[in-house]
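Reading through the structure tokens given below for one structure.
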Amino acid sequence: MRTTATAPPLTNPPSTCCVTLTRSLRGSLCLRPFSSAAVGSPLFQEWLHLIGEEVVDAKPAPMGPDDALIVIDMQRDFVPGDPLTNPSGGRFGVAEGDHICPEIVQLIDAAASAGATVGATRDYHPHDHMSFVPQGGPFPPHCVQGTVGARFMPQIAASLARALAHGGLERVRIAFKVPAPAFWSP
């Protein structure tokens, strides 16, 4: 099963559906799991410059019923706050996190249409979680149970709902926190 995850780039990425071909200064080619939204990001361009690579166009392989797409923590609190698109979020926002939403929607829709399995995780904490600054932890309160910030970004939620309507519970799973071994079990 090929799995695509929306996560940081890997040194030796698994076979993925969403890859970008990069060329190092030494001329060697490498497949990396970057989306076109990342490629257009100034932060991504700076990172490529620092590691000495350039982006080469590559078309992702089509998805099929044996593939899986895992969307990790695309919640309002992890996307920068914006008065129009994310007014109640951004408590622990990742710079330019909103830029990837359209790409993820396209991947979810494509995976559902192809009969692939779609998984989505959610970070979800009690209000007094030990990792939060007020309790002596290193992180600001984020993705607190029952808050708007713990919800998926609206366009991601809508795409997951379409996938659920198309594939049912056999093909769409939503888990809180990191998926357990039973994540893929009916």
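The values are calculated or read from the model by the stated rules, or taken from the named source; none is laboratory data. No experiment lies behind these values; they were computed from the predicted model shown. Here the Cβ positions follow ideal geometry from the backbone for every residue, glycine too, while neighbour counts run over all protein chains shown.
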task: Being assigned to a loop (DSSP other than H, G, I, E, B) and without any contact (Cβ under 8 Å) to a residue 12 or more places away in the chain is the filter; apply it to segment 119-146 and report the residue that is nearest to L69 (Cα to Cα).
output: G146
Single residue of segment 77-114 satisfying the filter (among the β-branched types (V, I, T) and outside any helix (DSSP H, G or I)) that is surrounded by the most Cβ atoms within 10 Å (Cβ to Cβ): V79
task: Go through F132, F152 for me and flag whichever is touching a helix residue (DSSP H, G or I) at 6+ places or on another chain (Cβ under 8 Å) and modelled with pLDDT of 90 or more.
output: F152
task: Filter segment 87-138 for residues that are more than 14 Å from V172 (Cβ to Cβ) and touching a Leu at 6+ places or on another chain (Cβ under 7 Å) and give the result.
output: A95, E96
Of residues in segment 164-183 being surrounded by 10 or more Cβ atoms within 10 Å (Cβ to Cβ), of a type in the set (D, E, K, R) and at pLDDT 75 or above, the one farthest from G64 (Cα to Cα): R173
message: Any residue at all in segment 110-121 that's assigned by TED's automatic domain parsing to the domain that holds A165, modelled with pLDDT under 90 and aliphatic (A, V, I, L, M)?
response: no
